[in-house]
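Notes to accompany the following structure.
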Amino acid sequence: MNQYQLPSQEKKPEYVRQNFDGIAKAYDRFNDWNSFFLHRKWKDWVVRKALEAVPNAKSALDLCCGTGDITSRLSKHPNLETVVGLDFSEQMLSYAFPKVEGKQVNLIVGDAMDLKQFADGSFDIVTMGFGLRNVSDLRLCLKEIKRVLKEGGVYVNLDVGRVRPRFLKVFADFYFFKIVPLFGYLLYGKQNEMFDYLPHSSKAYPDQETLKTILEEVGFTNVWFQNFVFGNAVAHVAKKGN
């Protein structure tokens with residue numbers, strides 16, 4: 001692994017915003033390359049499970065929506081009357097707009113840890129794809145998500161996980177920390193430390209079991225998770241209320 005150092009918690013929000021702005025143009029292709037296009041299937045799964053959990057859902061909020069992959073999937077479901085995509089990065093959102101053009105979708109710049117623009121119990125569904133590990137206060141973010149969810153609503157989070165079984169971890173780490181940044185450099189046209197940040201941010205992010213426990217401690221119920229590709233990625237499903 002190289003000598004890249006993660007930003008401090010104090011500097012992390014501005015670091016993330018500025019650097020995601022910088023790589024926005026390459027981000028979709030980067031996700032395709034580093035996941036061998038599998039991220040598309042995982043995001044389909046997120047939306048499908050969210051709608052299965054709340055069949056009569058009318059409203060959905062996609063946090064850290066980036067270039068709008070999950071937001072656009074949510075927008076295709078006619079029962080959802082309100083779909084909001086929120087992200088810290090204006091440049092990321094500029095690439096999301098074409099994906100939801102003509103749809104009843106509101107894309108806004110905002111902070112996933114401070115959803116003050118939304119009242120308590122505003123949404124039936126909250127989703128997040130590869131964004132939770134980028135917030136500086138994970139528990140605060142989860143509390144805000146729980147606050148804006150309606151009773152009986154569901155939160156589905158997709159992010160990195162810990163590889164299971166253990167003997168595959170050496171190979172997975174080599175790919176994640178050495179090969180994945182190279183994809184980013186090639187797509188971006190030069191080296192950019194954000195492509196190092198993305199794998200390294202997983203080191204400070206809780207594993208599958210720990211995140212399940214944190215979600216329960218925050219007050220979510222019926223929490224479970226689904227591993228993808230031996231745990232390289234993982235989706236957590238959590239309800240508000242019984």
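Any read-out appearing in this document is the output of simple, stated calculations on the displayed coordinates, not a laboratory observation. Here the structure is a predicted model, which is why all the values come from computation and not from measurement. All Cβ positions, glycine included, derive from the backbone under ideal geometry; neighbour counts span all protein chains shown.
What the table below lists for this structure:
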quantity	calculated
Helix 138-148 axis, angle to the chain major axis (alpha carbon atoms, nearest 10°)	20 degrees
Debye log10 I(q)/I(0) for the stretch 116-242, one point scatterer per Cα, at q = 0.12 Å⁻¹	-0.51
Whole-number percent relative contact order across the stretch 57-127, with pairs defined as alpha carbons under 8 Å at least 6 apart	42 percent
Loop GluC sites (Glu not before Pro), the stretch 78-157 (other Cβ atoms within 10 Å of the site Cβ: 14 or fewer; DSSP)	81, 101
Cα centre as origin, Lys/Arg/Asp/Glu Cβ charges: the stretch 170-213 dipole, Debye	100 debye
Diffusion constant of the chain at 4 °C, which comes from Stokes-Einstein with the Kirkwood Cα-pair radius and 1.567 mPa s, µm²/s	72 µm²/s
Simple Cβ-charge dipole of the stretch 1-119, Lys/Arg +1 and Asp/Glu -1, about Cα centre, in debye nearest 20	380 debye
Relative contact order (percent, whole number), the chain, Cα cutoff 8 Å, 6+ residue spacing	21 percent
Pairs beyond 26 Å (Cα-Cα), from 103/212; 49/178; 58/99; 41/239	103/212; 49/178
Spacing of the two label points (7 Å from each Cα toward its C-beta) at residue 116 and residue 49, in nm	3.3 nm
Hydrodynamic radius of the stretch 68-113 per Kirkwood, over alpha carbon pairs, in Å	10.7 Å
Rounded to 10°, Cα long-axis angle of helix 38-53 versus longest principal axis of the chain	20 degrees
Bins of 10 Å, starting at 0 and running to the largest distance - Cα pair percent for the stretch 21-84	20, 48, 25, 6
Förster radius 30 Å - calculated FRET efficiency between residue 178 and residue 41 (Cβ-Cβ, nearest 0.05)	0.75
